[in-house]
């Protein structure tokens, strides 16, 4: 099973990716996580990527595509994979098609998680991240046991710059302008399935499974 998850920031793609990864025993590949590791490590790539991420802009294609290509060369994707956060543009989707062709891989389905803007803003502005281990909390749906402290490592929690409301709104505008056309791209390939990402995670997961197993 080779799956792509589409949807605006805050749609809940990360949660569904984790659930689907366990269900199908396939790796979940999140370009955002890889980039944030580079940012945390203060590498040259990370410093450059951070400038875009902090402003709610997309990281340049050449950086992201190279990361994805190298990841898909690893042996654990032979039984399937899930892409979360990539592709984000039609150009990236076309580049991914070439990468998959080169690696003799083929997509099974693309899941589009449609989510209202007000839900996205509420979810993301409530998100907090641990400085030390990177674990993500949500003050509404999954708060830490002690305010401001990570349950796992007792690290301090903070709000990422791209989770602040003014940046979220910019990110949504970027999504609508650059990423939404992917829906038509994959619809034309008969790969697209849409679900309501505004619903509770368990309900969304059940619907996705119905779509995938009926595929």
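The values are calculated or read from the model by the stated rules, or taken from the named source; none is laboratory data. Source: prediction; values computed, not measured. A quick note on method: Cβ atoms are made from the backbone with ideal geometry, for glycine too, and the neighbour counts reach across all protein chains shown.
Here residue 98 clears all of (1) at pLDDT 95 or above; (2) under 16 Å from the mean Cα position of the chain (by Cα) except the condition numbered (2).
If you scan segment 192-214, which residues turn out to be assigned to a helix (DSSP H, G or I), touching a strand residue (DSSP E or B) at 6+ places or on another chain (Cβ under 7 Å) and in contact (Cβ under 8 Å) with a residue 24 or more places away in the chain? Answer for segment 192-214, where residues must be assigned to a helix (DSSP H, G or I), touching a strand residue (DSSP E or B) at 6+ places or on another chain (Cβ under 7 Å) and in contact (Cβ under 8 Å) with a residue 24 or more places away in the chain: 204, 208, 211, 212. Confirm whether residue 48 is over 22 Å from residue 112 (Cβ atoms) and either under 11 Å from the mean Cα position of the chain (by Cα) or in a loop (DSSP other than H, G, I, E, B) (or both). No, not satisfied.
Scanning segment 114-127 turns up at least one residue that is over 24 Å from residue 208 (Cβ atoms) and either out of contact with any helix residue (DSSP H, G or I) (no Cβ under 7 Å at 6 or more places or on another chain) or modelled with pLDDT of 90 or more (or both).
The residue that is modelled with the lowest pLDDT, counting only those in segment 139-173 that are under 16 Å from the mean Cα position of the chain (by Cα) and buried (at least 17 other Cβ atoms within 10 Å of the Cβ), is 162. The residues of segment 158-191 that are touching a strand residue (DSSP E or B) at 6+ places or on another chain (Cβ under 7 Å) and in a loop (DSSP other than H, G, I, E, B), listed by number, are 159, 160, 191.
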